[in-house]
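Asker: Before anything else, here's the structure in question.
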Amino acid sequence: MYLSPIILLFAGIANSNPVELSKRIKNGVGLTPAMGFNNWNSGLPSSATTALAAAKAFVSLGLKDVGYIYVNTDDTWSSKSRASDGSLVPDPSKWPNGIAAVATQIHGMGLKMGLYGDSGTATCAGYPGSYGHETQDAKTLASWGIDLWKYDNCSPATSGSSQPRYTTMRNALSSSGRAIYYAMCNWGQDSVWTWGAETGNSWRISGDVTDTWSSIVSIASGAQGLAQYAGLGGFNDFDMLEIGNGGLTAAEERAHFGIWAIAKSPLLIGTDLSKISQASLTVLKNKDVISINQDSLGIPAKYFTPSGKSGPVSGQLYPYWSGKISTGYVIGLVASNGAATLSVNFSDVPGLGAGTYSWKECYTGAMGKGTYVSANLAAHDMAIFKVVKS
Ligand code: GLA
């Protein structure tokens, strides 16, 4: 049976979400967090070659099959000056056939194309920003066949809140004639989560991620308390993935991916897919973890405190996460303070209550049934349990 996105949106809100439907963006895309690629963290150039290579890798590596769809190009794709009619110009050395031709090829592979811009007068790398050109730029994006627009926050032309600038572009996109996923990137300024859902499909909640465990800890712990603002069609964005870039251990890659996934962040691969290891690819392709991220309820997992344990400490990553999913519940356990055996009684998980439940651990595939789950974890590793009433 086909259920329209709007019906699904109503179902999700009724089940879960405090942000009223009437206040959420209704552009018909991004009901679940975006999954795809963005070249910025990889250091690859913002070019047709990079975008097409990523698109082909999505198909050949099986990433498309598990849900990675958006092929996004970040800052530095354009020429330094606008055309005489004021329109944005793709750098001809990076886009010899223009952008529309690349979008057509990407669409031909069953994928979508994303592009980057800025709400100020210049992007963070000094290329033209959209301030004062919003309507014209949104029409250009639509004419090229762009499906996602990441909108940055450098070089503001006005002081004060960024909300009006982001709202202007939302209105321009919605009048552009094309459904374009709107990825807001104001680094969590101006309490963006309080107006994010009515403005865009996702909003960055922090400064830029780096390829270090301390950065993963900082973003994940800072996200605590923001889960209530996310829901179908609008999500907290923890920033692009660093998996495959060499700064994290295999255990840390599992935790990074797992937290981003269960907290319903967009999952944007940020590494050179021509060089990715089998181990990193296996993490990115974990279908159970992805199913939690893409769950039809859109409810982010958040911290809970098991009885007898001390509560979260600001700035530190807490080991215990849980959240409702359409098939039951997810429980995430993170060995944030070093190797540990972590256990949780189901009776301590908000919403679950005492009783016997069946579980599956997503990374090992282990399955069981009982009144608790337990995981013996290496430092910074993560276990993710999908739990159903038995
Ligand atoms: C900002 C954003 C990054 C990236 C760069 C590009 O720092 O937060 O994600 O887009 O700009 O210059």
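The values are calculated or read from the model by the stated rules, or taken from the named source; none is laboratory data. As the structure is a prediction and not an experimental result, all values here were calculated from the model. When we count neighbours, we look across all protein chains shown, and the Cβ atoms used for this are built from the backbone with ideal geometry, even at glycine. These area figures cover heavy atoms from the full protein model, side chains too; ligands, DNA and RNA do not enter into them. Shrake-Rupley method; radii C 1.70, N 1.55, O 1.52, S 1.80 Å.
Asker: For segment 22-293, what % of the accessible area comes from carbon and sulfur atoms, probe 1.4 Å?
Answerer: Heavy-atom surface of segment 22-293 belonging to carbon and sulfur, 1.4 Å probe: 52 percent.
Asker: Quick check: residue separation of Thr364 and Gln316 times 0.36 nm, minus the Cα distance between them. What number comes out in nm?
Answerer: So the chain would gain 14.7 nm between Thr364 and Gln316.
Asker: Additional query: List the lysines whose Cα lies under 30 Å from the Cα of Lys80, skipping any in the same chain that are fewer than 8 positions away.
Answerer: Excluding near neighbours in sequence, the set is Lys56, Lys94, Lys112, Lys139, Lys150.
Asker: Now, a different point. Identify the residues of segment 283-327 with backbone N under 19 Å of a label point that sits 7 angstrom from the Cα of Thr210 along the Cα-to-Cβ direction, or state none.
Answerer: Zone members listed by number: 315-317.
Asker: Pop out the ³J(HN,Hα) list for segment 155-163 in order, Karplus 6.51 cos²θ - 1.76 cosθ + 1.60 with θ = phi - 60°, rounded to Hz; leave Gly and Pro as x.
Answerer: Result, ordered by residue: 6, x, 7, 10, 8, x, 4, 7, 4 Hz.
Asker: Also, quick follow-up: Return the distance in nm (one decimal) between the two label points of a simple spin-label model at Ser343 and Ser84, each offset 7 Å from Cα along Cα→Cβ.
Answerer: In this crude label model, Ser343 to Ser84 measures out at 7.7 nm.
Asker: Let me ask you something else. Just to confirm a number: summing +1 for Lys and Arg and -1 for Asp and Glu over residues other than Arg165 whose beta-carbon lies under 14 angstrom from that of Arg165, what do you get?
Answerer: -4
Asker: If you don't mind, another one. Please work out the FRET efficiency for the pair Thr167 and Thr121, using the Cβ-Cβ distance as r and a Förster radius of 25 Å; give the result to the nearest 0.05.
Answerer: 0.90
Asker: Take the Cα of Lys287, step 7 Å along the line toward its Cβ, and report every residue of segment 359-390 whose backbone nitrogen sits under 19 Å from that point.
Answerer: 359-368, 384-388, by backbone N distance to the label point.
Asker: With every protein chain present, what is the per residue accessible area of segment 161-268 (1.4 Å probe, Å²)?
Answerer: Heavy-atom accessible area per residue stands at 27 Å².
Asker: So, one more: Given labels modelled 7 Å from the Cα in the Cβ direction, how far is it in nm from Ala157 to Thr194?
Answerer: Here the answer is 2.7 nm between the modelled labels.
Asker: List every residue whose amide H lies under 5 Å from the amide H of Ala122, counting only residues 5 or more places away in sequence or on a different chain, with H placed 1.01 Å from N in the peptide plane.
Answerer: Gly129
Asker: A further question follows. Which whole number in µm²/s is D for the chain by Stokes-Einstein, with the Kirkwood Rh taken over Cα pairs at 25 °C and 0.890 mPa s?
Answerer: In µm²/s, the coefficient is 115.
Asker: Whole angstrom only: what separates the Cα centroid of segment 218-240 from the Cα centroid of segment 302-336?
Answerer: So the separation of the two Cα centres works out to 15 Å.
Asker: DSSP loop chymotrypsin sites (Phe, Trp or Tyr not before Pro) in segment 113-196 with at most 14 other Cβ atoms within 10 Å of their Cβ, which ones?
Answerer: Filter output for segment 113-196: empty list.
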